[in-house]
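Here the structure is laid out as structure tokens; the discussion comes afterwards.
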Amino acid sequence: MSLDTSTGRSYSFDRVFLDGAWVSPSTDDVFDVRSPHDGRAVGSAPIASESDVDRAVAAARHAFDEGPWPQMTVAERIAALRPFVEAYATRTAELATLVTAEMGSPATFSEPAHGLGPLLLMQATLGFAESYPWTERRGTSMLVREPAGVVGIITPWNVPQVTIVAKLLPALIAGCAVVVKPAPETPLDAMLLAELLADADLPPGVVAVLPGATPAGLRLVEHPDVDRIAFTGSADVGRVIAATCGRRLARCSLELGGKSAAIVCEDASLERTVAGLRFSSFLNNGQACVAQSRILAPRSRYDEVVQALAEAADGFVVGDPSAKSTDIGPLVSARQRDRVRGYIDVGVAEGATLAAGGSDDIEGLADGQYVRPTVFRDVDNSMRIAREEIFGPVIVVIPYDDVDDAVRIANDSPYGLGGSVWTKDRQQGLAIARRVRTGMFGINSFAPEFGVPFGGFKASGIGREYGPEAFDEYVEMKSVYGVPAGASEATGENA
Ligand code: NAD
């Protein structure tokens, strides 16, 4: 793999960004980031310690309690953030290339998902802020939505940019001060983001970016001066975070895992369905919270659906993620590869049948963190491979008897993030969409849009991102009674 070195720069960082400055971290520990394709060095970043978190939180607290940021109007904050978003627009290709190098997302997916997508989300968010009801008059009262305070942002490696900016921008627009802790696997793109934020010249303490491991994350969640945690990651860690926030009654929003069901209807076009699932089930090498990883097929069409999906899996080009021809790259790490291969072995042991793939090496790619695109048939929804999030290029195909049975199986999951239905009858598709208990659902595709909320039911999380609703997570509502008629709305609002 070769990085786009048109900038001729190195991605080795030795300082962290906090309190408006690049400062030396408290230890010499570093993340040594290596390509999961071939082990080549990609760059390095400091591992922030608990004391670095304390410094960043103290600066954020000061910026929020004493600084100008929360006192500025929303329009002023938007104006301060616009140059940052414009600068981001010039770096999307570089960010996408860097994310591919760090975690193996295929270049053709990285460009829209890890570069352009975050930019479009931020641009949309700036627009939503203009019509968000920061203040409302209700009779003689005024409802004011005030900034929530100091926000700790903790994110995963699989969509590293979008999960940060989906929190960062609404929090900053709302007037919060934020401390970002990206995932250990992908600290470099976060540091590039930190550079753009540093150039934006926001008041000191308003933003900090601290690459760190679990201790830094734990410290951020436990810190008494952090008012709210915005987290994306696994349900297991989400539970720990929610419990800690619960103990100190801090607010938290959680974007967690999924085990989304794609319901293939009797009338579905096999060709269109498989073309759609080829993307929606295996995107980002299957390392996507919204991957359609359970395929529900009518018994009458079970064999043909399995066969078409197996052919699609066998037909993927697997290899160097920087090559434009690659469909599936390596998984993020040896640990993740072993975990996913372990699930394939579990599936076989549970009695499911491999229709494509398996847990053995791919010829010529044994040195990288690769897993063969895998399709299981003869799967029962009670099997672990149907209930747990595998987070790799592995799907299961489950037979159903009728639509009621399909909806029952789709809902028989601890998760409730996404789902889809594949049918020629969109009206029937909508009726099924309304019966499946998930936060998002697609008819003949699964393509999240930035104008509507993103998030899940059940163990898939608490809260929503995207759309104007994203701001709800970063405000506290204050009711002010007895506001005299004709009092300037501007006195009560910061819009
Ligand atoms: P993870 O839960 O292991 O880690 C996520 C982040 O939490 C990392 O920054 C990690 O350092 C930090 N962390 C770990 N333990 C912590 C603790 N005890 N306290 C505080 N912070 C801690 O998840 P991951 O492996 O990085 O990401 C994959 C998971 O993320 C999958 O489950 C996936 O479904 C989920 N995800 C969800 C969404 C969504 O929007 N719903 C989007 C992307 C990924």
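What follows draws every value from the coordinates through simple rules; no lab data is involved. None of these values were measured; they are calculated from a predicted model. Backbone-built Cβ (ideal geometry, glycine too); neighbour counts: all protein chains shown.
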- Item | Selected from L270, A431, I395, residue furthest toward positive end of dipole (region 261-443; charges at beta carbon) | A431
- Note on the structure: Inter-part gap, Cα centre of region 8-81 to Cα centre of region 173-193, in whole angstrom, is 7 Å
- When the helices in the chain are scored as -39500 (n - 2.57) per DSSP H run of 4 or longer and the sum is shared across all residues, what 222 nm value do you end up with, to the nearest 500 deg cm²/dmol? -11500 deg cm²/dmol
- Item | Size of electric dipole in region 156-262: Cβ of Lys, Arg +1 and of Asp, Glu -1, about Cα centre, debye, nearest 20 | 540 debye
- Item | Cα centroid separation, region 325-345 to region 359-373 (Å) | 8 Å
- What is region 10-102 by shape, rounded, prolate or oblate, if you read a ≥ b ≥ c off the alpha carbon gyration tensor as root eigenvalues and call it rounded for a/c under 1.5, prolate for a/b larger than b/c, and oblate otherwise? oblate
- Among 329-337, 289-297, 225-233, the order from most to least packed when residues are scored by Cβ within 10 Å on average: 289-297, 225-233, 329-337
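Size of the dipole of the chain about the Cα centre, Lys and Arg at +1 and Asp and Glu at -1 on the beta carbon, nothing else charged, in debye to 20?
On the way: 44 positive and 64 negative charges, 199 e Å.
The calculation lands at about 960 debye.
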- Keeping to pairs on different chains or 8 or more places apart, tell me how many lysine pairs in the chain have Cα atoms under 26 Å apart. 8
- The orientation-averaged projected area of the Cα convex hull of region 261-443, in nm², is 9.6 nm²
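For a distance above 24 Å, tell me the whole-number percent of Cα pairs in region 226-342 that qualify.
Working: 3033 of 6786 pairs.
Counting every Cα pair in region 226-342, those more than 24 Å apart make up 45 percent.
In units of 2.2 N^0.38 Å, what is the alpha-carbon radius of gyration of the chain? Don't skip to the end; give the middle numbers.
Working: Rg = 23.1 Å, N = 495, 2.2 N^0.38 = 23.2 Å.
Computed over Cα atoms of the chain, the ratio equals 0.99.
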- Task: Provide the per-residue ³J(HN,Hα) series for region 362-372, in order, calculated from phi with Karplus coefficients 6.51, -1.76, 1.60 and θ = phi - 60°, each as a whole number of Hz, with x at glycine and proline positions.
- Result: 9, 4, x, 10, 5, 7, x, 8, 9, 10, 5
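What value in Å³ per residue do you get for the convex hull of the alpha-carbon atoms in region 156-198?
Cα convex hull per residue, to the nearest whole number: 63 Å³.
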- Per DSSP, the loop-located GluC sites (Glu not before Pro) within region 1-109 having at most 14 other beta carbons within 10 Å are E66
- Dipole axis of the chain (+1 Lys, Arg; -1 Asp, Glu on Cβ), positive-most option in I241, S35, F282: I241
- Query: Per 10 Å bin, what percent of the C-alpha pairs of region 364-495 does each bin hold, from zero upward?
  - Reply: 10, 28, 27, 16, 11, 6, 3, 0
